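Read the structure below first, then the notes.
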Amino acid sequence: IEGLLNGHELTAVTLTPSRDTAGEGVITPSEAIIKSGETDVTSNYAITYVDGALTINQAIPEFSVEPTTVAINKGTNTTATITYNGDGALSIESSDTGIATATLEGKTITINGVEGGVATIIIKATEGTNYLKPTTDTLTILVTVHAAPTTPTITVKDTSGTIISNGNKCIYLH
């Protein structure tokens, strides 16, 4: 600021940016208020406003997932939650859709157990308008799918005795 009289000060100015997203632009000053003590003396000045350069840098987003390991049974599902404050796209895929599949709705991943085995769910984030690609742009969830338990079959060839069952064990009395 140049040209203010002694005891006068710029107490306010409106700064209007040409953009509110990451990139280059200008910032335009207007509506300056100059005071001498409590008295507004702005009308005593011929104010020339000069636009300034504006740079809005992309931020680095937070990006994580919980849990990072899950164990489920075949035919069941579980969920995981993504923490992501960026504006880039999220995508997921399974390393083996014959073992586990995954769907993404918002920031919730639903993991489905297809067949017994181990698969990895891969979550990726891309660069957006206001956010860079995350420092770690790929996250994983290790999924172990347990095959469905089988029901044991008991065959009794001699039917002259009695079978007693207490839940997990059977006893054949002859």
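The values are calculated or read from the model by the stated rules, or taken from the named source; none is laboratory data. For clarity, every value in this text was computed on a predicted model and none was experimentally measured. No Cβ is skipped: glycine too gets one built from the backbone with ideal geometry, and neighbour counts run over all protein chains shown. The area values use the complete protein model at the heavy-atom level, side chains included, leaving out ligands, DNA and RNA. Shrake-Rupley method; radii C 1.70, N 1.55, O 1.52, S 1.80 Å.
Restricting the search to the stretch 104-134, which residues are among the hydroxyl-bearing types (Ser, Thr, Tyr), within 25 Å of ASP20 (Cα to Cα) and part of a strand (DSSP E or B)?
TYR131
Looking only at strands (runs of 3 or more DSSP E) that fall completely inside the stretch 1-83, which ones have 1 or more residues that are aromatic (Phe, Trp, Tyr)?
In the stretch 1-83, 63-66 are the strands (runs of 3 or more DSSP E) which contain 1 or more residues that are aromatic (Phe, Trp, Tyr).
The set of residues from the stretch 1-24 being under 21 Å from VAL41 (Cβ atoms) and of a type in the set (Val, Ile, Thr) comprises ILE1, THR11, VAL13, THR14.
Of the residues contained in the stretch 1-24, none is found to be open to solvent by 60 Å² or more (accessible area, probe 1.4 Å), within 30 Å of ALA147 (Cβ to Cβ) and among the polar types (S, T, N, Q). The number of residues in the stretch 86-103 that are loosely packed, with under 13 Cβ neighbours inside 10 Å and outside any strand (DSSP E or B) comes to 2.
Could you please let me know if THR108 is modelled with pLDDT of 95 or more and surrounded by 12 or more Cβ atoms within 10 Å (Cβ to Cβ)?
Details: modelled with pLDDT of 95 or more: yes; surrounded by 12 or more Cβ atoms within 10 Å (Cβ to Cβ): no.
When the stated conditions are applied, THR108 does not pass them.
Of the residues making up the stretch 138-146, none is open to solvent by 60 Å² or more (accessible area, probe 1.4 Å), part of a loop (DSSP other than H, G, I, E, B) and either of a type in the set (A, V, I, L, M) or in contact (Cβ under 8 Å) with a residue 60 or more places away in the chain (or both).
Is it the case, given these coordinates, that LYS35 is among the charged types (D, E, K, R) and touching a residue at least 40 places away in the same chain (Cβ under 8 Å)? Spell out how you get there, then give the answer.
Values: among the charged types (D, E, K, R): yes; touching a residue at least 40 places away in the same chain (Cβ under 8 Å): no.
So LYS35 fails the test.
Each residue in the stretch 71-85 was checked for being open to solvent by less than 20 Å² (accessible area, probe 1.4 Å), among the β-branched types (Val, Ile, Thr) and closer than 14 Å to ALA100 by Cβ, and 1 of them qualify.
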